[in-house]
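Please see the structure below; I have some questions.
The values are calculated or read from the model by the stated rules, or taken from the named source; none is laboratory data. Note that the structure is a prediction, hence the values are computed from the model and not measured. Every residue, glycine as well, gets a Cβ built from its backbone with ideal geometry; the counts of neighbours run over all protein chains shown.
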Amino acid sequence: MLIIVDVLSGLVIIFVIAAYFVYVACKTFYGMDPDEAKYMRTERKPGTLDVHPTLNAIVLNYEIEVQILGAKENVIYGEKKNLKKIIELPMLNSRTDCYALAKEVVYQCDLIHHSRSSEVEQTIYYLKKRKLGHGTKGLLDTNSSHDLKQIAGADDPNYNNLSDYIELLYEGMSEKIKGAHLIQLLARDPENLDALSKNETVISALGRVLREDWKRSIVLSTHLVFTFFCFSMYSRFHEVILKCKVGSICMDIIDYELRRYDKWKADLEGLDAPDDAPIVRKPCPSSASMSDIPRSRIPEPVRPKSGNFSETNIKAVMEGSVYDDLTNSTENIDDKKLSEPERAKRFRTLVKKQEHLLRVAFYLLLNIAEDESIEEKMTKRNIVGLLVKALERDNDELLVLVVTFLKKLSIMQCNKDAMAGLNIVEKLPKLLDSRSPDLVHLTLKLLFNLSFDTKLRYKIVKVGFLPNFISLLSDDRHQEIVLKLLYHLSYDDDVKTQFAECVGLITDMLLLNIGNEGDEVMVALCINLATDSVNAQQMMKKNRVQSLMMRAFNYQDNMLMKMLRNLSEHKSSKSNFVEFVGDIAKAVVESKEDDFVMECVGILSNLNLPELDWAEIFKHFDMLKWVEKTIRSNNADPELVLQVVVLLGTAAADEGCARLLCESNVMSALIELLKTHQEDDEIVLQIIYVFFATISHGANIDYLAEKTEAPAYLIDLLQDNNKSIRKLCNTCLNLIADHSKTWAERIKIEKFRHHNAQWLQMVDSQQLEPEEDDDEEDDELPPYLNTEYLSTAVVPPLSDLEGGQDSEFISQKEIDFDYFDKPEVMPDFEIEAM
C-alpha cells in the first residue's frame with residue numbers, strides 16, 4: 001500500500017510539472033490562452049519488432065503522440081515522436097522455450113498486443129539461432145576471441161562481464177559452479193552490492209538456480225548462499241533475500257545436510273540408517289516446494305508441445321535431465337568401489353565442504369533474524385531444532401556461530417522452552433573444554449541466559465558445570481560472566497552447600513577486588529553464600545572477618561556490611577563479631593549513609609549474646625537518643641525503623657538495658673509507633689516482642705502496666721488476624737496478670753470476651769420478652785451479661801472491698817471465674833457457649 005501511494009505521488013508531481021511546462025509553452029510560443037486548454041491526451045502506437053545487433057534483446061519501435069485538447073475536445077496543440085524500447089533477454093540459451101518466453105514478454109510489455117505473440121516467438125527464435133551460430137560474439141567485445149570457458153577461468157571477475165556469468169548459470173553443473181563463484185566474488189566487494197541488488201536479472205537467476213539445484217552440489221549451494229550472505233551483511237539489502245525466499249531455502253539446506261551427515265556417519269561405521277524425519281517444519285501450504293522443478297527447466301528437445309508425456313518418452317526425459325543429478329549424486333560415501341581408507345577420506349572431505357555451507361547458511365539466517373518478524377517465522381519452522389542438532393558437530397568456527405544464534409534466541413520464553421525440551425544443557429559440557437576462548441565465552445553467556453529458568457539451573461548443577469565454572473574464575477576473560485552464573489546458581493539453598501570448597505577462594509577474590517568494576521556481582525554472590533552456615537564458617541577462616549570489616553568501614557560499603565550481617569546470623573559465627581561491637585555502634589550513631597547504618601543495626605540485632613552489656617553500649621555511645629529520634633521521625637525509612645525495633649528487642653534481653661529503656665522515653669515512642677503502623681504486622685510483632693523482653697524482668701512490669709498504655713493495646717491485639725501477634729500478646733498479658741491483681745481481673749474478662757465473641761454476639765442480639773411481674777426490682781441483673789455490661793463494669797481490687805452486697809457480688813464473680821479456670825470444665829463450657 002505504501003509503494004502504491006509513493007508511485008501515485010510521483011505521478012501527480014510529474015503531471016503538475018508537465019502541465020506547468022505546457023502552460024508556459026502555450027503562452028510563450030503559441031500565443032494561446034492557457035485557460036483554453038482543458039485536457040491532455042497521450043497515445044502510443046506500437047510499430048515493428050527488430051532484433052538488437054549486439055545484445056540478446058528485442059527492439060520495439062513505437063510512436064507516441066501528445067495532444068492538448070480544448071473545449072469539445074478540439075486539438076489546440078499536438079506533437080509526435082518515434083521511440084524505441086529494448087527488451088533484454090539475458091537468460092536466452094540453447095534450451096530456452098521460445099513459445100513460453102514469448103508469452104512472458106507479451107505479458108510483461110503492455111506495448112505488445114497478445115495477437116503478436118507468434119511474431120515475438122519468431123524474433124526470439126531468430127535470436128536463439130544467432131546465438132548458437134555466433135557463440136558469445138555478440139555479447140563480448142568484437143575484437144575479443146575469448147569464449148565462456150575462458151571468461152569463467154578468469155582470476156579477477158569483472159562487473160562488465162556479469163551477463164556472461166549469468167549465462168553460465170544455465171549451462172551444465174560445472175559451468176553453473178563457475179558462474180556462481182564469479183558472481184560471489186563480485187558480491188564480496190561492497191561497492192558492487194548496490195548495483196547487483198538493482199539488477200533483477202542476476203537476483204532472479206541466483207534465486208532460481210538456488211531453488212532448483214541446491215541438492216545437486218554442495219559447492220554450488222555454498223557459492224549461491226555466500227552471494228546472498230554478502231547482501232545479508234547490510235540491513236538495506238535484506239529485501240533482496242526476502243524477495244527470493246532465501247531464508248526458507250537455507251533452513252531446508254541445513255536440515256538436509258544435517259540429516260545427510262548422520263547417514264554418512266552411519267554408512268562409514270556400518271550402523272543402521274538413522275531416522276530421516278525432517279527437523280524443519282513445513283512452511284505455509286501456499287508457498288512453493290523448494291524441490292519442485294518448473295516446466296521451463298525441462299530440456300526443450302524432449303518436451304512435447306502438449307505438455308503431456310507418454311510412456312515412450314518418459315525415459316528420454318529423465319536421461320540427462322536435472323532429475324538424474326538429484327537421484328544419483330556423487331556426494332556420498334556409499335560406494336562399493338572405495339576402500340575403507342578412501343571412504344574415510346571422502347567422508348572428511350565432504351564434511352569439510354558441508355560445514356562451510358552450514359556456516360554460511362547459519363550466518364545468513366542470523367543476519368536477517370535482526371527483524372523480529374523474520375525471527376518469529378524461523379522459530380515456527382523450528383530453527384532451534386536445527387541449531388541444537390548442529391551442536392553435535394566438532395568444528396569450532398561452526399559452533400561459535402551456532403552458540404551465538406542460540407544465545408540470541410534464548411531471550412525469548414518460547415525458544416528457551418524449546419531448548420529445554422531438546423536437552424540443550426546436556427550438549428554443552430564439551431564446549432567448555434574447547435580450546436577456542438570465543439566458543440567457551442559464548443557458551444557461558446548462553447548458559448547464563450538459560451540460568452534464569454529454575455529447572456534449567458537445577459540441570460546445570462546436576463550435569464556438573466559448577467567445577468568448570470570455578471576453574472574459569474581465574475581467567476580474566478570469563479570471570480565476569482562466570483560470577484553472574486554462580487550468582488544465579490546461589491539462589492537455590494540446596495546448591496549453596498556445593499560451594500563449600502570454593503567459597504574461601506571467592507572471598508579472597510572479593511577482598512582483592514574491592515572497588516573494582518566486578519565488585520557488585522562478587523559481593524552479591526558472597527551475600528547469598530553467607531546465608532549457609534557451612535559457607536559462613538569457610539568465609540570467616542584466616543581472619544577474613546577483620547579484613548572484610550575494615551574494607552566495609554573504609555569504603556562505607558553497605559553491600560559488604562550486608563554480607564557480614566548474613567554471617568552474623570549463624571550461632572557459630574556470632575562470637576566473631578563481639579570485638580567489633582563498639583565500631584559498629586559508633587557507625588550507627590555517626591554515619592550519614594542510611595543503607596550502611598541499616599546493615600550495622602542488623603548486625604547488632606543478631607548479636608543476642610549473654611556476654612554483651614547492652615546497657616553499657618547504649619550509654620557509652622548515647623544510642624538511646626538516636627533510637628528515639630529515629631523512631632519518632634516521620635521521614636525515616638520504614639525498613640530502618642523496623643531494624644531499630646528489632647535491635648531494641650535484642651538489647652532488652654539484658655536486664656540493665658531493659659531498665660534503661662523504661663527510664664527513658666523509648667517505651668512511649670514505641671507505643672506511638674504502634675499506633676502509626678498498626679497495619680504493619682512485622683513492626684507490630686517486633687514492638688510486642690520488645691514489651692515481652694522488657695517485662696521478662698519482673699522489676700519492669702509495674703512500669704509497663706501502670707505508666708504506659710501497653711496493656712490496653714495488648715488486649716486490643718488479642719483479636720488480630722496474625723496468629724503470631726495473638727500468641728505473643730497472650731504471653732505478655734499472662735505475665736502482667738501474674739504480677740498485677742488489678743489487671744488480672746480485667747484481662748480475664750477481656751479473654752472471656754475474645755474467646756467467646758460469637759456467643760456474646762448472639763446474646764446481644766437476643767430479644768427478651770417483657771416480664772409479667774412489674775414489681776420486680778430494677779437493679780436485678782439480666783439473665784445474660786451482655787458485652788456492654790462487661791465493658792463498663794469496673795473491677796476494683798480485692799483489698800479495697802469490704803463486706804455487704806458489693807463484697808458478696810465480687811465473691812460470686814470470683815467463684816464464677818474460678819469455675820471457668822478449671823481445666824476439666826472449660827472445654828464443656830466452650831462447646832456449650834459456642
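Take Met419 and tell me if it is surrounded by 22 or more Cβ atoms within 10 Å (Cβ to Cβ) and within 20 Å of the chain's Cα centre (by Cα).
When the stated conditions are applied, Met419 passes them.
I've got another one for you. Within the stretch 233-247, track down each residue that is within 15 Å of Glu375 (Cβ to Cβ) and surrounded by fewer than 18 Cβ atoms within 10 Å (Cβ to Cβ).
Of everything in the stretch 233-247, those that are within 15 Å of Glu375 (Cβ to Cβ) and surrounded by fewer than 18 Cβ atoms within 10 Å (Cβ to Cβ) turn out to be Ser235, Leu242.
Only one of these is under 25 Å from Asp476 (Cβ atoms) and either charged (D, E, K, R) or without any contact (Cβ under 8 Å) to a residue 12 or more places away in the chain (or both): Glu599, Glu501. Name it.
Glu501
Suppose we keep only residues that are touching a Leu at 6+ places or on another chain (Cβ under 8 Å) and part of a loop (DSSP other than H, G, I, E, B) within the stretch 97-118. Which one would you say is nearest to Lys176 (Cα to Cα)?
Across the stretch 97-118, the extreme among qualifying residues is Cys109.
Checking Lys484 against (1) at pLDDT 90 or above; (2) outside any helix (DSSP H, G or I); (3) in contact with a Phe, Trp or Tyr (Cβ under 7 Å, 6 or more places away or on another chain), which test does it fail?
Lys484 satisfies all of (1) at pLDDT 90 or above; (2) outside any helix (DSSP H, G or I); (3) in contact with a Phe, Trp or Tyr (Cβ under 7 Å, 6 or more places away or on another chain) except (2).
Look at the stretch 63-100 and say how many of its residues are farther than 20 Å from Val51 by Cβ and among the small types (Gly, Ala, Ser).
Within the stretch 63-100, residues that are farther than 20 Å from Val51 by Cβ and among the small types (Gly, Ala, Ser) number 3.
Can Thr497 be described as surrounded by fewer than 19 Cβ atoms within 10 Å (Cβ to Cβ), hydroxyl-bearing (Ser, Thr, Tyr) and more than 21 Å from the chain's Cα centre (by Cα)?
When the stated conditions are applied, Thr497 passes them.
Would you mind finding the one in Ser668, Ser664 that is closer than 19 Å to Glu616 by Cα and surrounded by fewer than 17 Cβ atoms within 10 Å (Cβ to Cβ)?
Only one candidate passes the filter, namely Ser664.
In addition: Restricting attention to the stretch 253-305, report how many residues are at pLDDT 55 or above, surrounded by 15 or more Cβ atoms within 10 Å (Cβ to Cβ) and hydrophobic (A, V, I, L, M, F, W, C).
7
Now for a separate question. Can you list the helices (runs of 4 or more DSSP H) found entirely within the stretch 159-231 that contain at least 2 residues being of a type in the set (Gly, Ala, Ser)?
Result: 173-187, 190-198, 200-213.
If you go through the stretch 432-445 one residue at a time, how many are modelled with pLDDT of 95 or more and farther than 13 Å from His478 by Cβ?
Residues meeting the conditions: 0.
Residues being among the small types (Gly, Ala, Ser), closer than 14 Å to Asn608 by Cβ and assigned to a helix (DSSP H, G or I): count how many of those fall in the stretch 639-676.
3
Exactly one of (1) out of contact with any Lys or Arg (no Cβ under 8 Å at 6 or more places or on another chain); (2) within 19 Å of Thr497 (Cα to Cα) is unmet by Ser568. Its number?
(1)
Tell me, which residue of the stretch 710-725 that is surrounded by 14 or more Cβ atoms within 10 Å (Cβ to Cβ) and not in a helix (DSSP H, G or I) is modelled with the highest pLDDT?
The residue in question is Asn722.
Take Asp654 and tell me if it is surrounded by 15 or more Cβ atoms within 10 Å (Cβ to Cβ), over 23 Å from Ser740 (Cβ atoms) and charged (D, E, K, R).
Yes.
I would also like to ask the following. Quick one: which of Glu397, Glu340, Glu372 is in contact with a helix residue (DSSP H, G or I) (Cβ under 7 Å, 6 or more places away or on another chain), surrounded by fewer than 20 Cβ atoms within 10 Å (Cβ to Cβ) and at pLDDT below 95?
Glu397
Still on this structure: Taking the stretch 535-557 only, how many residues are surrounded by 19 or more Cβ atoms within 10 Å (Cβ to Cβ) and either β-branched (Val, Ile, Thr) or assigned to a helix (DSSP H, G or I) (or both)?
Count: 9.
Here's the yes/no breakdown for (1) part of a loop (DSSP other than H, G, I, E, B); (2) over 12 Å from Met251 (Cα atoms); (3) without any contact (Cβ under 8 Å) to a residue 12 or more places away in the chain:
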| residue | (1), (2), (3) |
| --- | --- |
| Leu364 | no, no, no |
| Glu375 | no, yes, no |
| Val388 | no, yes, no |
| Glu392 | yes, yes, no |
| Val403 | no, yes, no |
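Here is a follow-up. Among the candidates Glu679, Glu771, which residue alone is surrounded by fewer than 13 Cβ atoms within 10 Å (Cβ to Cβ), at pLDDT 80 or above and assigned to a loop (DSSP other than H, G, I, E, B)?
Every option except Glu679 fails the conditions.
Continuing with this model, one more query. Under the condition of being of a type in the set (A, V, I, L, M, F, W, C) and under 17 Å from Phe405 (Cβ atoms), which residue from the stretch 441-475 is surrounded by the most Cβ atoms within 10 Å (Cβ to Cβ)?
Leu447
Also, quick follow-up: Please enumerate the residues belonging to the stretch 67-94 that are surrounded by 15 or more Cβ atoms within 10 Å (Cβ to Cβ) and within 25 Å of Gly179 (Cα to Cα).
Residues satisfying the conditions are Ile87, Leu89, Pro90, Met91, Leu92, Asn93.
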